[in-house]
There are 2 protein chains.
Amino acid sequence: MASMKDVARLACVSESTVSRVLNQSVPVDEDTRRRVEDAIKRLNYRPNLLAKGLRSRSGKLIGLVVPEIVHHTFASFIQFIEESVVARGCSLIVGNHKNNPDLEESFIDDLIRRNVDGIIFSRVSDESRVMRLINETGIPVVVIDRAVEKEEVASVVLDNHQAGFLAGDYLGKGGHRKIACVTGPLKISLCRERLTGLNEALTRFQAGVAQDWTYEGDFKFESGYLGAQKLFSAHPEITAVWAQNDLMAVGVMKYLLENGRSIPRDVSVMGMDDISLARMITPSLTTVIQPFSEICEEAVDLLLRQKNNDGSRTEKVVIKPDFVVRESTAFCS
Amino acid sequence: MASMKDVARLACVSESTVSRVLNQSVPVDEDTRRRVEDAIKRLNYRPNLLAKGLRSRSGKLIGLVVPEIVHHTFASFIQFIEESVVARGCSLIVGNHKNNPDLEESFIDDLIRRNVDGIIFSRVSDESRVMRLINETGIPVVVIDRAVEKEEVASVVLDNHQAGFLAGDYLGKGGHRKIACVTGPLKISLCRERLTGLNEALTRFQAGVAQDWTYEGDFKFESGYLGAQKLFSAHPEITAVWAQNDLMAVGVMKYLLENGRSIPRDVSVMGMDDISLARMITPSLTTVIQPFSEICEEAVDLLLRQKNNDGSRTEKVVIKPDFVVRESTAFCS
DNA sequence: TTGTAAGCGTTATCAT
DNA sequence: ATGATAACGCTTACAA
C-alpha cells in the first residue's frame, strides 16, 4: 500500500503538501494540486485511518453498545445507526454485552482505546460504569431507548406516555371498555409511562385497566402467551389487549388462537413497535409505531454535535410515536 | 489518557520494557515486571489500539459485510460473528451495502485503511470487486452463505443439497406425494441445490416436485404468499409445501389460513432456517435448521487461520443442517 | 535482562 | 504557497 511519502516523492512535493491537498485545509497552488492528485490516482493511494486517527485523536469511528443483536429492536438500531454514521464519514463498531457488565466494560474499553468519536448506548448492563466513562474520558455519549435514567446524559427517547395514550384512545374509540395490558418489566420507567398513558386515555372513556387486568411481562414472546393465559383464565370478559411490544402481542395472539378465541371478532389485540412480523402474521397486527429510523438519525446527530457544543451533552430529544391499524383489532359489539 | 511514556517514567524503565511486560514477548525480570504493572494500575493505563495497529499492521479488527441488517439471517450472522471475533481479542465493524456496489466499495476501502485483519462477506453486490480486493491486498477473506461462487475464496457454507433432502425425506415419510416448493431466486446456486436435494429425496417415494408445483420466490414473506396463491389456485391437490426459507413459509401459511385451508390438516408447510418467528406463529413451523452459530464460528476461525497458513485461503468448510418438527406438518391421510 | 533509536503514516507548527 | 520537523503511541531490531 502506497503511503503519503510515495505520493510526495512521485509528485515532487513534501508530505505536508500532500496532506494539504487531501484535507483542503489551506490553499494549494493549482498546478501542484494537480500533480499531487495525479500521483494519488497513479499509486491508488488511500490515507491510512489508523495513522490519521492516532494523530488527530479522532478515529472516525462510532461505537454502538447493545445487549443483543438477533432482536428486531436492536437490529433496527444497528441498521439505521450504521446508515447515519456512514453518511457522516465514520464507521460503526458494534458491541453486544449480553447483559454482562464485564463484557460491556471491556467493550467500552476497546472503544476508548480506538479513539472513537462517540458511543451510543441502547440498554446498559451497568449504569454507574457508563456514567464513570462519561465523566472520566469526556467521550461524547448518547443514550437511546432510555438506556440510562440520569439527567446528565444526552438522550433520544420515544414519547412513551403518548404511545400508551394512542393505544388507549384507539381502543376506547373502538368501543372497548374491558381492556387488558401486558406490560414490559415495570422497573423500567418507560413501561410505567406507557401504562400511565394508556390509563389516561381509557379514563376518558370511563374504562380502565384494572389492577387484575395488567400482566407484567418481559418483552419476550413467551411472556405474552403466559400473560394472555393468566388474564383470560381469570377474566374471560376482556375484549381487548394492548401489549407493550409486538413480540408479546404475538404471544397473546398465539394463546387466543390456540384457545378458540377469534381475533378480532372475540378479542382485539394491539402491539407496539411495528416490527416486520406485525404484517406477516394472521391476522396482521394493529400496532403503535416506533420510528426507529428517526430515533437513530437524531442520536447520531446529537452525538456528533457534542464535539463542538457542550450544551448538547445533556440534551434530550423526544420522538413522537404513530400507529397503524391492521386486522387484529375491530369495533367492540 | 496515560501513555506508555508515562508508565515508563513512573516505573523507571524504558518504553520497550513496558511493551515487553504488556505483550509477554520476551522474559522480563520479576522485579521490574512488578514495578511496571504497578505503574500501569496506578495510571489506569490502556494501550492505544490505533498506535498498536499502525505499527504492527494489525488493527485487531474484523470487517463484516452484509446487504442489510434488519433481517433474521444477517442479524444472526452479526451476533455470532461478533461473539467469535471478541473471543479472539478483536472487534467487529459492520457494513451494510444495501446491494449498492459503490457503498460496498467504499466500505471495503475503509476497512483496508484501518488495517483490518480480515473481512467476512455474506452476500456481495459486486463479485469482481471482492476478487480484486483479495488479489491486490492479500487481506484474508472468508465468504459465508455462498456469497461468492469462485473457487479461489475460502468459504463456510451449509450443505444445501442435504437441506433439501431432509425436507423431502421428512415429507415423503409423512405420506405426502403431491409436494410443492417455493424456492429462492434460482440464479442463486444454493437455491438450485436445495431443490435438487428435495427432488432427490422425493424420487425415492415416487413423488416429485413437478415443474408446475415450483414457484420461484425471492426469500421475502410476500413471495411466499404469492407463491401459495399461484400454486394452490392451479393445483388444489397439493398436500405439502416446502419453502426455502421461513419467511416465505410464513407467507405460504398466511395465504392458506386466509383461504380457509387448515394447517396441517389440509396442507403441511415446512420452512428453512429456524428463525425465532418459527416458534411464534400459530401453528408453529416445522423447519430445516441452519446452524448460524456454527457457521460463524467456523468463519472467524478460518479467517484468522489465514494469517499463518496460506492453504486455508481457499479452504471450504461445509456445515450439515438439521431439522425440527413442530405443528405445521402432519401425516398425509 | 534492559535501553536506544528508528519507524508505522499521518497532522500541525514553524519557518521560508 | 511550500518544506522541515516534531509529534501521536506503540513495536522491534540492534546494542549493551
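Throughout, read-outs are computed from the coordinates displayed, never taken from laboratory work. Just so you know, these numbers come straight off a predicted model, no measurement behind them.
Here the Kirkwood formula puts the hydrodynamic radius of region B:4-45 at 9.7 Å, using every distinct Cα pair.
Let me check against my output: what whole-number percent is the relative contact order of chain B, with C-alpha pairs under 8 Å and at least 6 apart?
Values: 638 pairs, mean separation 52.0, N = 333.
Over chain B, the number comes to 16 percent.
Indicate the helices, whole DSSP H runs only, in chain A that combine a mean Kyte-Doolittle hydropathy of -1.0 or more with a Cα extent along their long axis of 15 angstrom or more.
Values: long enough: A:30-43 (20 Å, -1.59); A:72-87 (22 Å, 0.84); A:101-113 (18 Å, -0.38); A:127-137 (16 Å, -0.60); A:160-173 (20 Å, -0.44); A:189-203 (21 Å, -0.17); A:221-234 (20 Å, 0.16); A:246-258 (18 Å, 0.98); A:292-305 (20 Å, 0.56).
Long hydrophobic helices here: A:72-87, A:101-113, A:127-137, A:160-173, A:189-203, A:221-234, A:246-258, A:292-305.
Taking the DSSP beta bridges with both ends in chain A, the antiparallel portion is around 10 percent.
Sequence-distant contacts, meaning Cα pairs under 8 Å at least 6 residues apart, place the relative contact order of region A:227-314 at 22 percent.
Under the classification rounded if a/c is under 1.5, otherwise prolate if a/b is larger than b/c and oblate if not, where does the protein assembly as shown fall, given a ≥ b ≥ c as square roots of the Cα gyration tensor eigenvalues? Oblate, since a/c reaches 1.5 and b/c is not below a/b.
Using the alpha-carbon centroid of each, what span in Å lies between region B:174-208 and region B:80-129? Computed from Cα coordinates, the inter-centre distance equals 34 Å.
For region A:1-145, the relative contact order is 21 percent, taking Cα pairs closer than 8 Å that sit 6 or more residues apart in sequence and dividing their mean separation by the residue count.
More than 21 Å apart: what percent of Cα pairs in region A:182-333 qualify? Everything past 21 Å amounts to 48 percent. The distance from the alpha carbon centre of region B:1-79 to that of region B:253-301 is 44 Å, rounded to a whole number. Near B:VAL182, the amide H atoms lying under 5 Å from its own belong to B:TYR215, B:TRP242, B:ALA243, B:GLN244; only residues 5 or more places off or on other chains count, and H is placed 1.01 Å from N.
Under 5 Å between amide hydrogens, built in the peptide plane, is the criterion, and for A:ILE139 it picks out nothing among residues at least 5 positions away or on other chains. Volume per residue for region B:289-333 equals 73 cubic angstrom (convex hull of Cα atoms).
List, in the order given, every pair from A:LYS150/A:LYS178; B:LYS230/B:LYS320; A:LYS220/B:LYS41; A:LYS5/B:LYS52 whose Cα-Cα distance in the structure shown is over 30 Å. In this structure, A:LYS150/A:LYS178; B:LYS230/B:LYS320; A:LYS220/B:LYS41 lie more than 30 Å apart at Cα.
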